[in-house]
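Engineer: Okay, here's the structure, questions in a sec.
The values are calculated or read from the model by the stated rules, or taken from the named source; none is laboratory data. Since the structure is predicted, the reported quantities are computational estimates derived from the model, not experimental observations. Cβ placement follows ideal geometry from the backbone for every residue including glycine, while neighbour counts extend to all protein chains displayed. When the accessible area is computed, the model is the full protein with side chains, heavy atoms only, and any ligands, DNA or RNA have been set aside. Shrake-Rupley method; radii C 1.70, N 1.55, O 1.52, S 1.80 Å.
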Amino acid sequence: MNLKLFFLFILSLSIAHCQSKQTEIWEPVPEIIESTDFSTAPSDAIILFDGTDFSNWVTWGNKPPQWIINNDGSMTVVNGEGSIQTKESFGSVQLHIEWKAGTEGLDKHNNQSRSNSGVFFQKNYEIQILDSYQNPTYVNGQAGSVYKQYIPLKNASKKPGDWQSYDIIFTAPEFKNKTLENPGYFTVFHNGVLIQNHVEIKGTTTNVGQPKYSAHSNAPIMLQDHCCIPISFRNIWLRKLD
Ligand code: MG
């Protein structure tokens, strides 16, 4: 290579370097947090249930929950005592929750009657919790469905008695002057498997009729007391995303 070609080569390299610099972004630097895996709360998480007490939860009637706290750091629904909700209201969140379908009464219950529960975001948008291990039901109401809106992409259910996990990214809908400005979205992992991939929430996850939005502000996260084989929960935490 002669000298002229060599300088042209160096010049082209430095131009490319300058051009690549134009698309580098150095700020803001993401906050450093401590994290380990999907199940252990990272350092910036809010712990909603650590197995000790219901201090972050109330009933619909704003009373202390009457569900059971077990010696292994889990809680178990007492069917008939009502759903429970967080004292705090939330917008967009990343939520981790572990749940275990009960094993008593499997011979008597099937379909929607096996450990039916749900985790509701802003009290309106339900990710269905159900024992969906060898338990057929309408598919937009099986475990991991956005209830009556989106069928899960896969059935990653474990058998009753085994602990399972949901990791849910909920983007809250936005309202302006009582009308919807931006819809909400769900992304859900069930036992580490992607089962809802950024699906647009169509409105309140109602059991009857078509979903529609009605304006609201931040609201609690709710765990449903539904029916009929009691379900247990443990290790519930979230990270605020707004
Ligand atoms: Mg339910």
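Engineer: Which one of ILE33, ILE68 is aliphatic (A, V, I, L, M), more than 23 Å from ALA172 (Cβ to Cβ) and free of Cβ contacts under 8 Å to residues at least 12 places away in the same chain?
Structural biologist: The match here is ILE68.
Engineer: Moving on to the next point. Between GLU88, GLU98, GLU126, which is touching a Ser or Thr at 6+ places or on another chain (Cβ under 6 Å), modelled with pLDDT of 95 or more and more than 14 Å from the ligand (Cβ to nearest atom)? Break it down stepwise before answering.
Structural biologist: Details: GLU88 fails: touching a Ser or Thr at 6+ places or on another chain (Cβ under 6 Å); GLU126 fails: more than 14 Å from the ligand (Cβ to nearest atom).
Exactly one residue qualifies, and that residue is GLU98.
Engineer: If you don't mind, another one. Which one of these is more than 13 Å from LYS100 (Cα to Cα) and open to solvent by less than 20 Å² (accessible area, probe 1.4 Å): VAL146, VAL193?
Structural biologist: Only one candidate passes the filter, namely VAL146.
Engineer: When the stretch 109-161 is examined, which residues are found to be part of a strand (DSSP E or B) and more than 19 Å from SER83 (Cα to Cα)?
Structural biologist: Within the stretch 109-161, just TYR150 meets the criteria.
Engineer: Hey, could you check the stretch 111-123 for residues that are polar (S, T, N, Q) and within 15 Å of the ligand (Cβ to nearest atom) and say which is surrounded by the most Cβ atoms within 10 Å (Cβ to Cβ)?
Structural biologist: Initial filter on the stretch 111-123 (polar (S, T, N, Q)): 111-113, 115-117, 122.
Filter once more, keeping what is within 15 Å of the ligand (Cβ to nearest atom): 111-113, 115-117.
Details: ASN111: 13, GLN112: 19, SER113: 17, SER115: 29, ASN116: 25, SER117: 25.
So, considering only residues that are polar (S, T, N, Q) and within 15 Å of the ligand (Cβ to nearest atom), the one surrounded by the most Cβ atoms within 10 Å (Cβ to Cβ) is SER115.
Engineer: Does VAL199 satisfy the condition of being outside any loop (DSSP other than H, G, I, E, B) and within 16 Å of the ligand (Cβ to nearest atom)?
Structural biologist: Against the criterion (outside any loop (DSSP other than H, G, I, E, B) and within 16 Å of the ligand (Cβ to nearest atom)), VAL199 does not qualify.
Engineer: For the stretch 21-37, give me each residue that is assigned to a loop (DSSP other than H, G, I, E, B), open to solvent by less than 100 Å² (accessible area, probe 1.4 Å) and not polar (S, T, N, Q).
Structural biologist: Scanning the stretch 21-37 gives GLU24, ILE33, ASP37.
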